[in-house]
1. Suppose we keep just the alpha-carbon trace of segment 121-175; what are its Rg and Dmax in angstrom?
2. Once amide H atoms are built 1.01 Å from N in the peptide plane, which residues 5 or more positions from Asp214, or in another chain, come under 5 Å H to H?
3. Write down the percent of antiparallel bridges among all DSSP beta bridges whose residues are both part of the chain, to the nearest 5.
4. Run the numbers for Lys173 and Thr242: contour at 0.36 nm per residue of separation, minus the present Cα-Cα distance, in nm.
5. Would you compute, for the Cα atoms of segment 87-135, the largest minus smallest coordinate along each principal axis and list the three values in descending order, in whole Å?
6. So which trypsin sites (Lys or Arg not before Pro) in segment 112-193 are both in a DSSP loop and have at most 16 other Cβ atoms within 10 Å of their Cβ?
7. Accessible area of the chain with a 1.4 Å probe: how many percent of it is carbon plus sulfur?
8. Could you list, bin by bin from short to long, the percent of Cα-Cα pairs of segment 95-244 in 5 Å steps?
Amino acid sequence: MRINTTDLQNAFGKYLSLVEKEDIIITKNGRSVAKLIRYNEPNHFLVHEESKKYKATKKISYEEYMNLVNSCDQRYELIDGEIYLLASPSFNHQIVVNEIAWHFNNYFRKKPCRSLTAPLDVRLFGYATKFEEDPNVVQPDIIVICDEDKVNENNKYEGIPTLIVEVLSPSTKGKDMVSKLNLYMKSGVSEYWIVDLENRSIIQYSFSQERDIDCLIVLKEGDTVKSTSFEVLEIPLKDIFTTI
């Protein structure tokens, strides 16, 4: 709708009502000078992975998170009351995930633990005593679970992975190295590998029974990453990065 400034001044209340239905272009002397649009409260709690700067002003509930997940086909994570959009991974990202997963599948074949890759929801609750008190939902690139009895009747996993691997992307680096590190540590995960494609390296964390950092190792090409949770589970870094 287009109106002139005189009409706007004479019937401002009327046009405030109409703007609920459509934008209003305001003209003066035949020229467009302004636009009246409906105001929406900013959705600051929805954080897109691609955003380098954001303002989080509201912690959302698990119910709000599930409403969002169920309303679209996008993948999201919920960490400390903030939502993160999971962007599509790069080609090299998937190559490295598949390489590590291949080693894990060979190692855990016919063993009581199992290796799985994303997408799979993992529900964590930090130091809280139950999920409802501190709900977090993540989809790590690779997990190793040794508590398959924690798969519920709806075929959903509700346990604590023993080992988690995250492969860094430019948009997830801060989250994986800070937010997820803290969440995994305080939730009782035993071991966490952060795979850096750009530097062709792995940061390996081991956590204590008291849920603190027990050991931190930075591995470069030429090194071999050796699990602290599983005996003889080791992968030369050249095997992981050789094809990228």
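The values are calculated or read from the model by the stated rules, or taken from the named source; none is laboratory data. Not measured: the values here are computed from a predicted model. Don't worry about glycine lacking a Cβ; one is built from the backbone with ideal geometry, like all the others, and counts go over all protein chains shown. These area figures cover heavy atoms from the full protein model, side chains too; ligands, DNA and RNA do not enter into them. Shrake-Rupley method; radii C 1.70, N 1.55, O 1.52, S 1.80 Å.
1. 12.4, 37
2. Under 5 Å from the amide H of Asp214: Ser206, Phe207, Ser208.
3. 75
4. 22.7 nm
5. Result, largest extent first: 37, 33, 14 Å.
6. Lys130, Lys156
7. Looking at the chain in its full context, I get 48 percent from C and S.
8. Pair shares across the bins are 2, 9, 20, 24, 22, 14, 7, 2, 1.
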